[in-house]
Amino acid sequence: MAISKDKKNTLVAELTELLSDSKMVVYAKYQGLTVKELQELRKAAREAGVKIKVVKNRLVKVAMKEIAAYKDTETSGLTGQLLYALGTDEDFDAAKVLTKFAKTHDKMELIGGFNAEGTALSTEEVKTLGSLPTKNELIAQVVDTLLSGINGVVSGLEKHAEEKATA
């Protein structure tokens, strides 16, 4: 069903705003997924602060042309029926949501993405970014590493104190 020019202009304006606010956009083929599976994906995305959009690729390309960072972005991968995950909070949220979902749903096929600077990302790059630990996980790992040295010193001092007390 064809949509009116006003509706298209409204969609392009909405997409332009979403793309401008996004830190990363990831797109994937979703043919074969059931409505229930798509609802599951949308729920996971919502919890992660990611928006899922299913719109015509042509409208996405028009919206991209209106944003300076995306004017020269490679858009040859935007073919077929695609869904777009737009992450606005953390840099890799969109990649994480779709990568995690694709691992359990083999009908989801990651195609690519682009970052806030307009750099096109390959499927492999999206998968790699999607498998990275979150910012909070990285902070926890650094804190754990820093504390392990201190814990070793404290344990050594306690053991030394016990040996002195028994001697």
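None of the figures in this text is laboratory data; all of them are computed from the coordinates on show. Computed from a predicted structure; not experimentally measured. When we count neighbours, we look across all protein chains shown, and the Cβ atoms used for this are built from the backbone with ideal geometry, even at glycine.
Considering the values [x] 90, 36, 25; [y] 44, 40, 34; [z] 48, 44, 27, which represents Cα extents along the principal axes in Å as calculated for the structure under consideration? For Cα extents along the principal axes in Å, the calculated option is [x]. Among the trypsin sites (Lys or Arg not before Pro) within segment 71-111, those in coil by DSSP and having at most 14 neighbouring Cβ atoms inside 10 Å are 71, 107.
The spacing between segment 1-50 and segment 113-157, judged by their C-alpha centroids, is 28 Å.
Between 140, 68, 48, the Gaussian network model of the chain with springs among Cα atoms under 10 angstrom shows the greatest mean-square fluctuation at 140. The GluC sites (Glu not before Pro) found in segment 1-84 that occupy coil by DSSP, while having at most 13 further C-beta atoms within 10 Å, are 74.
Here the Gaussian network model covers the chain, with springs between Cα atoms less than 10 Å apart; of 145, 73, 123, 145 fluctuates the most. Anyone know which of 86, 18, 157 comes out most mobile in the 10 Å Cα GNM of the chain? With Cα springs under 10 Å in the chain, the top fluctuation among 86, 18, 157 is at 157.
Where only DSSP H runs of four or more residues are counted, the chain gives -18000 deg cm²/dmol as its mean residue ellipticity at 222 nm, each run worth -39500 (n - 2.57).
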